[in-house]
1. Rounded to a whole number, what % of the accessible area of the chain do carbon and sulfur atoms account for, probe 1.4 Å?
2. Which whole-number value in Å² is the accessible area per residue of the chain, probe 1.4 Å?
3. Would you compute, from DSSP H runs of 4+ residues alone, the mean residue ellipticity of the chain at 222 nm, taking -39500 (n - 2.57) per run and dividing by the full residue count, rounded to the nearest 500?
4. Once you have a ≥ b ≥ c as the square roots of the Cα gyration tensor eigenvalues for segment 26-95, tell me rounded if a/c is under 1.5, and otherwise prolate or oblate according to whether a/b is larger than b/c.
5. Determine, from the Cβ-Cβ distance of MET6 and CYS199 and an R0 of 51 Å, the FRET efficiency 1/(1 + (r/R0)^6), rounded to the nearest 0.05.
6. For a quick protection proxy, order the peptides 198-204, 95-101, 170-176 by their average other-Cβ count within 10 Å, most packed first.
7. Quick check: from the Cα gyration tensor, does segment 1-128 come out rounded (a/c under 1.5), prolate or oblate?
8. In degrees between 0 and 90, to the nearest 10, how far off the longest principal axis of the chain does helix 27-44 point, with axes built from Cα atoms?
Amino acid sequence: MNLLDMEAENKRLLLEGAKAFGIHLDEKICRYFNIYLKELIKWNQKINLTAIRKEREIILKHFLDSLSVIPHLPKISSLLDIGSGAGFPGIPIKIVRPDLKITLIDSVRKKVDFQRQIIYSLKLKGIDAIHGRVQEQRILQCLGGRFDGVVARAFSDLPTLLTLSSPLLKEKGTIIAMKGKMSGQEIQCLTEEDAIQYCLKKTVSFYLPFSSFKRTLLLFEKQVTPHTSGESGRDVGENLI
C-alpha cells in the first residue's frame, strides 16, 4: 500500500470509527489526527511512548479508544487526564471538543515533552501538560478541587484511582476509568470508604470499531461529604512547568 492509499485508509478508519460513537469528524480534525499520528511514530523511534507502533492499531487502540469517552462528557467542562502517557485520551478529546478545559499529567518527563509538542503543533488552546504525580503536594495545592471530571486510561487499580482523584474533583464530579475486559472482581475490591465517597453511576462495555478488542468505561460520581472542600486551586500552569 502506497502512502496516499495508507492515509486514505487511516482517514476512513477514523471517520467510520468515530461515527460508531456518534461523533462526526470534519476535514480539519482529520488533518490534526494525521499530524498527531506522524509525530507519534517519529518520536516513538527515539523514546518509548507506546508499544503500539502500526498506524492502524494506533488509530483503533489509541485514537478511537480515546474518543469513546466523549459521549459521556455532557456535564463536564474541566477534565484532568491522569497518567496521560502520549496524550491519551486527553489530546484526542481536546481535538474533537475544543471547548473543554483539559489538563494532562504524567510522571515521565519525555512523555510530557511529547504532549507539549503536539499541543504546540496543533495550536491547541485551553490544554496544559504537567510533569508530576497527582499525589504530590505542589500538584494538590494548584489543582485541588478544580475539575468536573477525571479520566484515566489503564492507570493503576480502581481503589487507587478513586483515592488519588478525590482531592482534585469538585463536589459531584465524575471519574471515568477506562478499562479493558473486566470480570467484576476489581469493583468488588472497593472498600467501604470508596463506597461512601463514590457512587458507580454507569458501566459501559463495547468493542472498539473494526476489532475484537473489548473496552469498559466505569463512571463514578463523587459524593458530597462534610470533608469535601469546594475551594479551587490556582491557575493550572502556575509553578507546575
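The values are calculated or read from the model by the stated rules, or taken from the named source; none is laboratory data. Fair warning: this is a prediction, and the values are worked out from it, not measured in the lab. Reconstructed Cβ throughout: ideal geometry from the backbone, glycine too, with neighbour counts over all protein chains shown. Surface areas here come from the heavy atoms of the whole protein model, side chains and all, with no ligands, DNA or RNA. Shrake-Rupley method; radii C 1.70, N 1.55, O 1.52, S 1.80 Å.
1. Numbers: 6110 of 11810 Å².
Carbon and sulfur: 52 percent of the exposed surface of the chain.
2. Values: 11810 Å² over 241 residues.
Accessible surface, normalised per residue, equals 49 Å².
3. Values: 9 runs with 84 residues, N = 241.
Using -39500 (n - 2.57) per qualifying helix, the result is -10000 deg cm²/dmol.
4. Values: a/c = 2.06, a/b = 1.50, b/c = 1.37.
Here segment 26-95 falls in the prolate category.
5. Details: r = 45 Å, r/R0 = 0.89.
Rounded to the nearest 0.05, the efficiency is 0.65.
6. Numbers: 198-204: 14.4, 95-101: 17.0, 170-176: 20.3.
Ranked by mean Cβ neighbours within 10 Å, highest first: 170-176, 95-101, 198-204.
7. On the way: a/c = 1.71, a/b = 1.09, b/c = 1.57.
Taking the square roots of the gyration eigenvalues as a ≥ b ≥ c, segment 1-128 is oblate.
8. 90 degrees
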